[in-house]
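For reference, the structure is listed below as C-alpha cells.
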Amino acid sequence: MINWPLYKRGIRGSWKMLIIFAAVITMYFSVIISMFDPALGSALNEFAKAMPELMAIVGMNPESAELVSFLEAYLYGFIMLVFPMLFCILSANKLIVRHIDRGSMTFLLAAPVKREAVAFTQIKVLVTGLFALITYATLLGIVNCEISFPGELDIKSFILLNVGTLCLQLFIGGICFLCSCVFTDSKYAVGVGAGIPALGFILQMMANAGKDLEKIKYATFFTLFDSDGIISGETFAIRGMLALFAGAIVLFSTAILIFSKKDLHI
Amino acid sequence: MSVCEIQGLTRDYGSGRGVFDLSFAIDQGEVFGFLGPNGAGKTTTIRHLMGFLKPESGYCTIDGKDCWKNRVDIQKTLGYIPGEMVFFDDMTGTEFLSFMAKYRKADSNGRTKELLDRFELDPRSKLRKMSKGMKQKVGIVTAFMHDPEVLILDEPTSGLDPLMQSRFIDLVLEEKARGKTILMSSHMFEEVERTCDRVAIIKNGRLEAMDDVETLKAALSRKYVVTLENDDAAAAFAGEGLRVFEVSHNQVTVIVQNNIKDLISVMNRYPVVNIAAPNQNLEEIFLQYYGGSGRS
C-alpha cells in the first residue's frame, strides 16, 4: 500500500519544518521547566493564583504541585496543542491539495500507483512527522526534568500525557488531511482544515474561562483530551483519548476514500 | 484493432463547455492527431483517458480496459506528456527523473540517458529554475523513459525550438515504427502533417471532423497575402477571378487550393511588391475545408 520513494520524498520535504517546530518546543520546554520550584511553588503558580481566570483560559491552572502537573498545565494546555496543530495544517495542505492545485499531482497519478497508495503514503508522512515531534517533546521533557530535578517527574504519567496529545493531534491531522482531499483549492482546504481545529480550540478556551460558558465544552472535540484526567489515570480521560484515536482512523480512511473517487482536473 | 476507444463520452461543465457525446477509436500502431481551438475539450478528453476524471456518461477504454476503473493497470504501459508542466519545485531534473523511475517501479535501463542525449538536456539544475523548453524536455523524457506501448501527448512540443521540435517528430516516427499507439494534441501543422495518420478536430466539445491526413492535405486551402504597388492595382488584381478573401488598400488576400500556378501567372502580369503566407493555425485550415467557421 505504501509507496516508499514517495514516502522518502515526503519526509525530505517535512524535516525543515519539523526542525523549526522542534526548536520552538525546545525553547518553551527549557524556559518553563527552569521556572519550576518544588519547594516554593513557581513564579508561574503565583501568577496563576493572582489571575486564575486569565490563566485558566489557556489551560494554565495546575491541579497539584507535582512536576508532571506543572508540565501539563504550562506546556500541554497551549504550546503542545498549538504547534503540532500548525504542523498538521501546513503538512496536510502540502501533501495533497497543493499538488492538485498546482498540477504536480499529474505526475503522481500518471503512473501505475493506486490513488489509495498515494493518499496512504502521504498520511504516513504526516503521521511520521507528528510522531517524531511528540516523541521529541517527550524525551526533551524527561531529559530536561531529570537534569534539573532528578527523580521529580512521574515519567509514566508524562508519557501517557504525550500519548494522549498524539491522539488529539492525529485527530486534528485527520481533519486537515480530509479537507486537503475534499477541496480542490488550497485556500478552501486550509480555511476549513485550519478553521475547524482553531474554532474547537477557541471554544475550549471559552469553556475554560468561566462557569457560565462551561457547557460550551460539549461543542468541541478538545474536551475529549482531558490532560488533567490522563495524568491522574482517570478511565474517562483514557476513553476520550481512545475516542480521538478512533476518530483519527475514521477521518483518514474517509480521506483516502474521497481522494480515490474524486474527479481531478489536473 | 483499436487500442484506444472513446464512446459517447460526455462531461458537461455548463455554459457549453465540456465534451459532448464524443466517440472515436485509435488503432494499434497509429498516430492520431487531436486538434481543436483552445477550450474545445481536448484536455478534458485526455483527462478521461488518463483516469483523472470519471465520465458522466459514455466510456473510454485503452487495451479494452476501462480508463476510470482500471487506470492503474493501464498506466503500466502508458506514457503521458501533460499540457502543463508542473513539477515538484525543490528537485533537480536528475532527482525528478530518478524519483519518477523509482516511483513507477520502471526499469528505464539506458533509455533515459539516450533520451537526454537526443534532446541535449542537462537535467542537473533545479526544476524551478529551468526554462519552459527545458521543463518540456524533462516531461518528454519522463513520458518515454519506461518505453510505454501507448502514448498520450498533450501539445508535446510547446516551448521547444524548431530543431528540438524536429527531433521530437523523429522520436514519434521511431515509436510509431515500433508499433506504439499515439494520441497527440497539437497546434503545429508540420508536426501533425509529418507524424499523424488520422486527425480528429473537436470544437465546443463535439467532434467536428475526422479524416486521413492525406485526404485533408489534398484538400487544404492556404491564404496568401499579395502586396501590390498601389490600391488601383490591388483592385484590378482582385478582379482576376482568383478566390479573394479580402482586399485592404494595396493588399489582396487570396485563398489557394491546389491552384498555385494560377496565382503565379496572374501575379506575373501585375506590379507585385511582395507575397506572404500568414500563419494560419491548423484548426482554421482544416475547418475551412469542412466549411465550418474557422474563427471562434
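The values are calculated or read from the model by the stated rules, or taken from the named source; none is laboratory data. Treat the numbers as computed from the prediction; the structure is a model and nothing was measured. Cβ coordinates were reconstructed from backbone atoms using ideal geometry, including for glycine residues, and neighbour counts include every protein chain displayed.
State whether the residues of segment B:187-204 include one that is charged (D, E, K, R) and part of a strand (DSSP E or B). Within segment B:187-204, one or more residues are charged (D, E, K, R) and part of a strand (DSSP E or B).
Condition first: surrounded by fewer than 13 Cβ atoms within 10 Å (Cβ to Cβ) and in contact with a Gly (Cβ under 7 Å, 6 or more places away or on another chain). Can you find one or more residues in segment B:169-183 that meet it? Yes, segment B:169-183 contains a residue that is surrounded by fewer than 13 Cβ atoms within 10 Å (Cβ to Cβ) and in contact with a Gly (Cβ under 7 Å, 6 or more places away or on another chain). Within segment B:152-162, being closer than 16 Å to residue B:47 by Cβ and either within 13 Å of another protein chain (Cβ to nearest Cβ) or without any contact (Cβ under 8 Å) to a residue 60 or more places away in the chain (or both) holds for B:152, B:153, B:154.
For segment B:11-43, the candidate set comprises residues that are closer than 16 Å to residue B:67 by Cα and among the polar types (S, T, N, Q); within that set, the residue that is nearest to the other protein chains (Cβ to nearest Cβ) is B:43.
Just for segment A:234-265: of the residues that are within 14 Å of another protein chain (Cβ to nearest Cβ) and assigned to a helix (DSSP H, G or I), which one is surrounded by the most Cβ atoms within 10 Å (Cβ to Cβ)?
Let us first name the residues in segment A:234-265 that are within 14 Å of another protein chain (Cβ to nearest Cβ), namely A:258-265.
With assigned to a helix (DSSP H, G or I) added as a condition, the list becomes A:258-261.
Numbers: A:258: 13, A:259: 25, A:260: 15, A:261: 10.
Only one residue fits best here, namely A:259.
Among the residues of this structure, residue A:118 does not count as one that is assigned to a loop (DSSP other than H, G, I, E, B) and within 14 Å of chain B (Cβ to nearest Cβ).
Restricting attention to segment B:12-28, does a residue exist that is assigned by TED's automatic domain parsing to the domain that holds residue B:114, assigned to a loop (DSSP other than H, G, I, E, B), free of Cβ contacts under 8 Å to residues at least 12 places away in the same chain and more than 29 Å from residue B:129 (Cα to Cα)? Yes: segment B:12-28 contains one or more residues that are assigned by TED's automatic domain parsing to the domain that holds residue B:114, assigned to a loop (DSSP other than H, G, I, E, B), free of Cβ contacts under 8 Å to residues at least 12 places away in the same chain and more than 29 Å from residue B:129 (Cα to Cα).
Conditions (1) on the phi > 0 side of the Ramachandran plot; (2) at pLDDT 90 or above, marked per residue:
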| site | (1), (2) |
| --- | --- |
| B:5 | no, yes |
| B:10 | no, yes |
| B:25 | no, yes |
| B:29 | yes, yes |
| B:37 | no, no |
| B:61 | no, yes |
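Pick out, from segment B:44-120, the helices (runs of 4 or more DSSP H) lying fully within it that include 1 or more residues that are crowded, with 20+ Cβ neighbours inside 10 Å and facing chain A (nearest Cβ under 8 Å).
Working: elements: B:71-75, B:93-103, B:111-118.
Ranges flagged: B:71-75, B:93-103.
Summed over segment B:237-289, the residues that are at pLDDT below 75 and either part of a helix (DSSP H, G or I) or assigned by TED's automatic domain parsing to the domain that holds residue B:188 (or both) give a count of 8. Please tell me if residue B:14 is out of contact with any strand residue (DSSP E or B) (no Cβ under 6 Å at 6 or more places or on another chain), surrounded by fewer than 22 Cβ atoms within 10 Å (Cβ to Cβ), of a type in the set (Gly, Ala, Ser) and within 27 Å of residue B:173 (Cα to Cα). Taking the combined requirement at face value, the residue does not satisfy it.
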